[in-house]
Amino acid sequence: MIPAKNPISGTITYRGQPVPAGSITFIPDASKGNSGPAVTIQFENGRYDSRASGVGHIGGPHKVRITGLTGKDSGDEFFPQGTLLFPDYETSADLPTCPSEQNFVVPDDWVLPPSTPRQPYEGP
């Protein structure tokens, strides 16, 4: 049986502002008895809509992973939407088995750790 593809849309904000770019992934939560395919949706300007890419979720308990990017070209071919704005944020949501809107707020204190300068290698 092919799982239903329920459309989902919404907003993603961080520090009171729309997250410029990134992706949101909905993963059925097996620990709560839900199984099926995960779905990843790209977003811009804090808005996502699964209908734009023709995907949807199966409903029920899901783990949600948000990757937020600066939205500025980093010059790196692997990160054309910019560099990380914050570490991947994970939360959960119980999604309905119908089209829905789900808005997510990444906590203000969810920050990248400060980078530590590399110490020169001094040998054995």
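The values are calculated or read from the model by the stated rules, or taken from the named source; none is laboratory data. All values derive from a computational prediction rather than experimental measurement. Reconstructed Cβ throughout: ideal geometry from the backbone, glycine too, with neighbour counts over all protein chains shown.
Listing for the model above:
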quantity: Evaluation of R51 against (1) touching a Pro at 6+ places or on another chain (Cβ under 7 Å); (2) part of a strand (DSSP E or B) (one fails), failing number; calculated: (2)
quantity: Residue match in the stretch 56-71 (condition: in contact (Cβ under 8 Å) with a residue 40 or more places away in the chain, in a helix (DSSP H, G or I) and not β-branched (V, I, T)); calculated: no
quantity: Residue check for S9: in contact (Cβ under 8 Å) with a residue 60 or more places away in the chain, out of contact with any His (no Cβ under 9 Å at 6 or more places or on another chain) and of a type in the set (S, T, Y); calculated: yes
quantity: Flag if G22 is assigned to a loop (DSSP other than H, G, I, E, B) and not polar (S, T, N, Q); calculated: no
quantity: The stretch 41-69 - residue that is among the β-branched types (V, I, T) and modelled with pLDDT of 95 or more and, of those, nearest to S9 (Cα to Cα); calculated: I41
quantity: First in the stretch 95-115 and surrounded by 10 or more Cβ atoms within 10 Å (Cβ to Cβ), second anywhere and assigned to a loop (DSSP other than H, G, I, E, B) and among the charged types (D, E, K, R), Cβ under 6 Å, 6 or more apart; calculated: D108/R15
quantity: Test: residue in the stretch 73-92 that is at pLDDT 95 or above, within 14 Å of P7 (Cα to Cα) and part of a strand (DSSP E or B); calculated: no
quantity: Hits in the stretch 12-36 - residues which are of a type outside the set (S, T, Y), more than 24 Å from D108 (Cα to Cα) and either surrounded by fewer than 14 Cβ atoms within 10 Å (Cβ to Cβ) or without any contact (Cβ under 8 Å) to a residue 12 or more places away in the chain (or both); calculated: A30, K32, G33
